[in-house]
Amino acid sequence: MKFDTPATTNPIDQGKVVGKPADRIDGLLKTTGTAPYAYERHDVAANPAYGWVIGAGIGKGRIRSMDLEAARQAPGVLAIVTAQSAGALGKGRMNTAKLLGGPEVDHYHQAVAVVVAETFEQARAAAQLVKVDYERAAGRFDLAKAKDDAAKPDDMFDGSADSSVGDFAGAFAAAPVQVDSTYTTPDQTHAMMEPHATIAAWNGDQLTVWTSNQMVDWSRGDLAATLKIPKEKVRLVSPFIGGGFGGKLFVRSDAVLAALGARATGRPVKVTLQRALMINNTTHRPATIQRVRLGANRDGTLTAIAHESWSGDLPEGKPDSAVHQTRMLYAGANRLTTTRLATLDLPEANAMRAPGEATGHMALEAAMDELAEKLGMDPVQLRIRNDTQVVPDHSPPKDDPQGRNAQAASGQSRAAGQPFSQRQLVRCLQLGAERFGWNRRNAKPGQVRDGRWLVGMGVAAAYRGAPTTKSAARVRLDRRGMVTVETDMTDIGTGSYTIIGQTAAEMLGVPLNSVFVRLGDSEFPVSSGSGGQWGAASSTAGVYAACVKLREAVARKLGLDPAAAVFADGQVRAGSRRVALRDAAAQGDLAGEDAMEFGDLSKKTQQSTFGAHFVEVGVDAFTAEVRVRRMLAVCAAGRILNPKTARSQVIGAMTMGVGSALMEELAVDRRLGLFVNHDLASYEVPVHADIPHQDVIFLDETDPMATPLKAKGVGELGICGVSAAIANAIHNATGVRVRDYPVTLDKLL
Ligand code: MOS
């Protein structure tokens, strides 16, 4: 089915199941510890062996020699696989560095061997006996230094690494009020609960991996490419995922080394990346340096907007696209954005929740606060003053899930002036201000005291694209009237199981508990997967398409006109006829399978999600400790398919925004080239005690240009702007403007 005309009234609009705050249908499995995560698939792999991955002990250089003898003799050891013994390996489309290094070492903790033994403990113990002789080379580990040699990333954004409208330099010079600020954001790690983990088993030349992965089809292809075997020879199964945040968009060394270990031993092999290895071994959100210049008239009208961003990655790597939202959020005739990529020899940079926008808002929305202060204008009013209903800059291309870069894109860059399909940023700001009690904010910093706490409020706007991509599913109706949905879509803790079940239930007129949802298996139709905030909208559209096919099959079977058939209350009705759904399948299951493809419609308008974040903080007047006291997000993101799971997404994202504002930072060892705090003890993220109060409001909207369900995504919108709102609140509380994230207390004293 092709989505190429705006959605009209359809069965989803009944809203009997879709749009209701249904509990997660996988919730019981998860909360009782019975959801089978990859490493726990005791049912699928009899008598498995265990692999322990050895990561390189240098940041850059080569391996002179490896002494494996002692390890080979150690108790229980079955095999040791290195680049030398593995034979020629390929590289997946989505991987920058090789997943099994040697003799060249590209980054610290790049895998250089896997030791496979009878037990986990034996593999770990034997790995300590492997002696690697390294020749260390000089590496580039300092973004601030590498910045001057940074280049425009070729082709990463279809020519939209940079954009320019009007005469920025002239307009900025002439602007009566100016802000020129540089912000820095640190490297960050996803810190998901479940580490990367895989069980691999060969049956002849057929490989099956049970793994933890957001993108089943990408990763199936990339695993095959890495192992140099046909894609059809790989089955990838990933039904439960303990968090991803972008860190599991790609095949990583656990899957490759489990497969190689299994091949070497003739046994199923289990590999999990130990936490202390994982952070340098896998991907991270890269640090950025961002300069924002804003020029405005005294009434607050922006006349000049520039945002320049620098980040670094390994050779052939990818930039952080921090300038995206700056092309979209505010009107202004003269504009400039640039993206520059430096070469660094740190571990691989890549996507992390709202890649680009998450960091970009930390600069832009703090600069807007600085401008409001200079103007003596309310920061909510400043944003409203500069609203636009058309794209003010060359629009960034839509995130392209098929492209190499999950955060970048391949869609055509569109001209300025294109309308947004929906844009209720002003409503988000107004409603948020009203609900939050913004009028109680004292515009003068450092004035409000609550005991030892200095209290302040901050606001930020939020922008994130609403990409969609082809997604397929199949649906089956059986004689009990039960419906089974199968798609390779993943649920990374987001609620995919539930909204997919709700979609099928609504389309077929059955209650949610009559729907079985089966996800995350490459034997199912290829879905959008989970990433870039495209998963909910795309995958439910695919289920919609498959259900349309099944409805047709049911109508045909019953001799009804499909266009006139109404599916409700477990029945199919047409004219005066009324048949129980299960009777349609009495002689055998009926099935429907289809993909939703998104046509040119998505190019006719700019589809985006908007929001506003309000935060109140307390800053200890003596120690400068910052505590977030209250948070509110107002989101405009099309039809909300399930307000409960959507709210969970947004409060999770807001929590991550608190981490990003106040604590998260990978500390770079600039001599040796590694992230020093590579565990959960020293990489700090918020805990419950850090988050006393959160509210989320969804505007009641549907976007017929987005999908047949008129839905978008919220999982990444929720983090955009949060950190800036916190930094702005800290400034309001204290009068101190910290432009170097995270805003730790040492920077406030
Ligand atoms: Mo997302 S960072 O594309 O999982």
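DSSP beta bridges in segment 158-236, what fraction antiparallel, as a percent rounded to 5? Restricted to segment 158-236, the bridges split so that about 65 percent are antiparallel.
Set the Förster distance to 45 Å, then compute FRET efficiency between residue 561 and residue 28 from the Cβ-Cβ distance, nearest 0.05.
On the way: r = 40 Å, r/R0 = 0.90.
In this case the efficiency is close to 0.65.
Spacing of the modelled spin labels on residue 131 and residue 88, each 7 Å from Cα toward Cβ, amounts to 3.3 nm.
Each other residue within a Cβ distance under 14 Å of residue 274 adds +1 if Lys or Arg and -1 if Asp or Glu, for a net charge of 0. As a length-normalised measure over Cα pairs under 8 Å and 6 or more apart, the relative contact order of segment 167-321 settles at 34 percent. Spatial offset of segment 640-691 relative to segment 80-127 amounts to 28 Å, using the alpha carbon center of each.
Residues with beta-carbon under 15 Å from that of residue 642, excluding residue 642: net charge, scoring Lys, Arg +1 and Asp, Glu -1?
Local charge sum for residue 642: +3.
Amide H contacts of residue 629 (H built 1.01 Å from N, in plane; Pro and chain starts excluded): 616, 617, 618 sit under 5 Å, all sequence-distant by 5 or more or on other chains. The residues neighbouring residue 749, those whose beta-carbon lies less than 12 Å from its own, together hold a net charge of -2 under the Lys/Arg +1, Asp/Glu -1 convention. Apply 1/(1 + (r/R0)^6) to the Cβ-Cβ distance of residue 229 and residue 178, taking R0 = 51 Å, and write down the FRET efficiency to the nearest 0.05. Computed FRET efficiency for residue 229 and residue 178 comes out at 0.30. The H on the amide N of residue 698, modeled in the peptide plane, is under 5 Å from the matching H of 635, each at least 5 residues off or on a different chain. For segment 278-338, the relative contact order works out to 32 percent when only alpha carbon pairs closer than 8 Å and six or more residues apart are counted.
Relative contact order (percent) for the chain, with alpha-carbon contacts under 8 angstrom and 6 or more residues of separation? Intermediate results must be reported in sequence, preceding the final value.
On the way: 2082 pairs, mean separation 128.5, N = 749.
It rounds to 17 percent for the chain.
Each residue of segment 626-643 was assigned a 3J(HN,Hα) from its phi angle through the Karplus curve 6.51 cos²θ - 1.76 cosθ + 1.60 (θ = phi - 60°); the sequence is 9, 10, 6, 9, 8, 9, 9, 10, 10, 10, 10, 9, x, 5, 8, 5, 8, x Hz, with glycine and proline shown as x.
In terms of its C-alpha gyration tensor, the chain has an oblate overall shape, because the principal axis ratio a/c (a ≥ b ≥ c, square roots of the eigenvalues) is not below 1.5 and a/b does not outweigh b/c.
In order along segment 531-540, the phi-based Karplus estimate (6.51 cos²θ - 1.76 cosθ + 1.60, θ = phi - 60°) of 3J(HN,Hα) comes to x, x, 6, 9, x, 5, 5, 6, 6, 5 Hz; Gly and Pro are listed as x. Remark on residue 516: its backbone amide H falls under 5 Å from those of 483, 484, 485, a criterion applied only to residues 5 or more positions apart or on other chains, H modelled at 1.01 Å from N. Segment 729-746 and segment 1-57 have Cα centres lying 39 Å from one another.
For a straight C-alpha distance cut-off of 13 angstrom, the aspartates and glutamates reachable from residue 147 (same-chain residues fewer than eight places away being disregarded) are 308, 313.
Kindly put 693, 613 in sequence by how many other C-beta atoms sit within 10 Å of each C-beta, fewest to most.
Numbers: 693 10, 613 34.
Ranked by crowding around the Cβ, least crowded first: 693, 613.
3J(HN,Hα) along segment 222-237: 6, 5, 4, 5, 5, 8, 6, 10, x, 4, 5, 7, 10, 10, 10, 10 Hz, from the Karplus curve 6.51 cos²θ - 1.76 cosθ + 1.60 with θ = phi - 60°, whole Hz, x for Gly and Pro. Using the Cβ-Cβ distance between residue 434 and residue 667 with R0 set to 35 Å, the FRET efficiency from 1/(1 + (r/R0)^6) comes to roughly 0.25. Based on DSSP H segments of at least four residues, each scored -39500 (n - 2.57), the chain has a per-residue ellipticity at 222 nm of -7000 deg cm²/dmol.
If exposed GluC sites (Glu not before Pro) are those in a DSSP loop with at most 13 other Cβ within 10 Å, what is the longest stretch of the chain that has none? Spell out each step's value before the answer.
Numbers: sites that count: 316, 523.
The answer is 1-315.
Pairs exceeding a 25 Å alpha-carbon distance, out of 231/549; 98/318; 152/470; 91/231; 145/374: 231/549; 152/470; 145/374.
Roughly what % antiparallel, to the nearest 5, for the DSSP beta bridges in the chain?
Percentage antiparallel, nearest 5: 75.
Taken together, the values in this text are just the output of simple stated rules run on the coordinates, not laboratory data. All figures in this text were calculated on a predicted structure; none of them were measured in a lab. All Cβ positions, even for glycine, are placed from backbone atoms using ideal geometry, and neighbour counts span all protein chains on display.
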